[in-house]
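So the structure is just underneath, and the comments pick up after that.
The values are calculated or read from the model by the stated rules, or taken from the named source; none is laboratory data. These numbers come from a predicted model, not from an experiment. Quick reminder, even Gly has a Cβ in these numbers, built from the backbone with ideal geometry, and neighbours come from all protein chains shown. SASA here: full protein model, heavy atoms, side chains in, ligands and nucleic acids out. Shrake-Rupley method; radii C 1.70, N 1.55, O 1.52, S 1.80 Å.
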Amino acid sequence: TDPLYYVAELYGSIQVVKRDGTRQTFANNLLDYNPTGPISGEGEQGLTGIAVERDANNPAIYNLYVSMLWDNGSPAGAPNHYPKVEKLTSVAGGLTMASRTVLLNMQPETQGQSHQISNVTIGPDNKLYVHVGDGFDASTAMNLDQYRGKILRMNKNGTPVSTGDPAGANPFYNASNGINSRDYIYTYGHRNPFGGAWRASDGKH
């Protein structure tokens with residue numbers, strides 16, 4: 001009955017498939033709005049990325065890093081939502097969620113039906129890599145003062161990878177002017193970087 005893998009469902013739930021082949025709901029109602037419309041259309045919005053690891057201090061607990069769009073208090077049913085990254089922590093055994101924490105809220109930047117926040121992976125350097133589309137505004141991809149159109153690199157506590165980190169700082173990290181989008185950017189100029197995986201043989205993405 002141990003977890004074998006987790007499935008992120010677009011409309012705000014996560015399923016866990018156990019080693020005996022059975023399935024149960026790990027978490028639901030993770031969105032604060034109701035996605036509407038068919039895929040592809042407005043219905044593309046929701047919970048879009050997931051990366052999973054066992055907790056380093058207690059392997060009975062699983063940490064899930066997820067990306068999604070949310071309203072965060074804006075009027076329900078608005079066509080655009082805000083991208084964010086959350087950490088979900090399981091109860092012992094990994095079968096249900098115990099807590100959730102916002103790691104990065106990119107408000108007030110909005111994203112619509114596509115070109116949104118998507119893939120989340122854990123790199124060979126043990127950092128989170130988060131893919132963020134341009135929100136159908138191509139100009140954002142080259143603007144370092146926007147999160148959109150980028151791949152972000154961050155620590156698992158939600159902070160940007162800073163100077164002095166053994167894995168090396170992010171290329172534009174500079175805390176002297178406060179922490180902002182520039183500190184998180186790893187690569188930029190992306191339209192809709194909706195995927196990617198790490199190659200074990202050489203650590204390349």
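Between exposed trypsin sites (Lys or Arg not before Pro) in the chain, where DSSP calls loop and at most 10 other Cβ atoms lie within 10 Å, what's the longest gap?
That would be 20-198.
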Whenever you get a sec, line up MET142, MET97, MET154 from highest to lowest accessible area (probe 1.4 Å, protein heavy atoms). MET142, MET97, MET154
Two-decimal Rg/Rh across the chain, once Rg and the Kirkwood Rh are taken from alpha-carbon atoms: 0.96
With a 10 Å cut-off between alpha carbons and a GNM built on the chain, which of GLY135, GLY158, GLY168 moves the most? GLY168
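In debye, nearest 20: dipole of the stretch 1-116 around its Cα centre with unit charges on the Cβ of K, R (+) and D, E (-)?
Dipole size: approximately 300 debye.
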Could you work out the relative contact order of the stretch 116-157, using alpha carbon pairs under 8 angstrom and six or more residues apart, expressed as a whole percent? 37
Please give, to one decimal in nm, the separation of the simple spin-label points placed at VAL91 and ASN29, each 7 Å out from Cα toward the Cβ. 1.6
What FRET efficiency, computed as 1/(1 + (r/R0)^6) with R0 = 22 Å and r the Cβ-Cβ distance, is obtained for LYS204 and ALA56, rounded to the nearest 0.05? 0.35
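Tell me, in nm to one decimal, what length is gained between ILE179 and ASN143 on full extension, where the rule is 0.36 nm per residue of separation less the Cα-Cα distance?
11.4 nm
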Taking a ≥ b ≥ c as the square roots of the eigenvalues of the Cα gyration tensor, with a/c under 1.5 meaning rounded and otherwise prolate when a/b exceeds b/c and oblate if not, the stretch 80-196 is oblate
Under 8 Å for C-alpha pairs, at least 6 residues apart: give me the relative contact order for the stretch 1-134, rounded to a whole percent. 20
State the percentage of accessible surface on the stretch 1-140 attributable to carbon and sulfur atoms; use a 1.4 Å probe and exclude ligands, DNA and RNA. 48
What figure, in Å² to the nearest 10, do you get for the accessible area of LEU10 with a 1.4 Å probe and non-protein molecules left out? 40
